[in-house]
Amino acid sequence: MLNDKQSLLLTGLMVGGIFVFGILDILDNFMVLTALTIMFFTIIINMFSFLKKSKDIPKEENQDK
């Protein structure tokens, strides 16, 4: 879904948004809260899809034995 750079960028935007909108005291605004919630769930869904994908890849066994 998202690669590493996109995940880090989205996480940084979410943290920066929480910081800036918290300073401006508009975190209670419906639109701001919706945007931050969508970013959060996108990051969480990406984490779970990566974990599922990494379990599907078989691990190579050591050939030196």
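The values are calculated or read from the model by the stated rules, or taken from the named source; none is laboratory data. Small disclaimer: the values here were computed from a predicted structure and weren't measured. As a convention, Cβ positions derive from the backbone with ideal geometry for all residues, glycine included, and neighbour counts pool all protein chains shown. Calculation scope for accessible area: heavy atoms of the full protein, side chains included, ligands and nucleic acids excluded. Shrake-Rupley method; radii C 1.70, N 1.55, O 1.52, S 1.80 Å.
Remarks
- Rolling a 1.4 Å probe over the heavy atoms of the protein chains gives the chain an accessible area of 92 Å² per residue.
- Each of PHE50 and THR34 was given a label point 7 Å from its Cα along the Cα-to-Cβ line. The distance between the two points is 2.8 nm.
- Listed values for the stretch 11-24 are Karplus-derived 3J(HN,Hα) couplings in whole Hz (6.51 cos²θ - 1.76 cosθ + 1.60, θ = phi - 60°), namely 5, x, 5, 5, 5, x, x, 4, 5, 5, 6, x, 5, 6, and x replaces Gly and Pro.
- Carbon + sulfur, % of accessible area of the chain - ligands and nucleic acids excluded, 1.4 Å: 68 percent
- For the chain, the orientation-averaged shadow of the C-alpha convex hull comes to 6.0 nm² (one quarter of the hull surface).
- With respect to the chain, whose longest principal axis is taken over its alpha-carbon atoms, helix 30-56 is tilted by about 0°.
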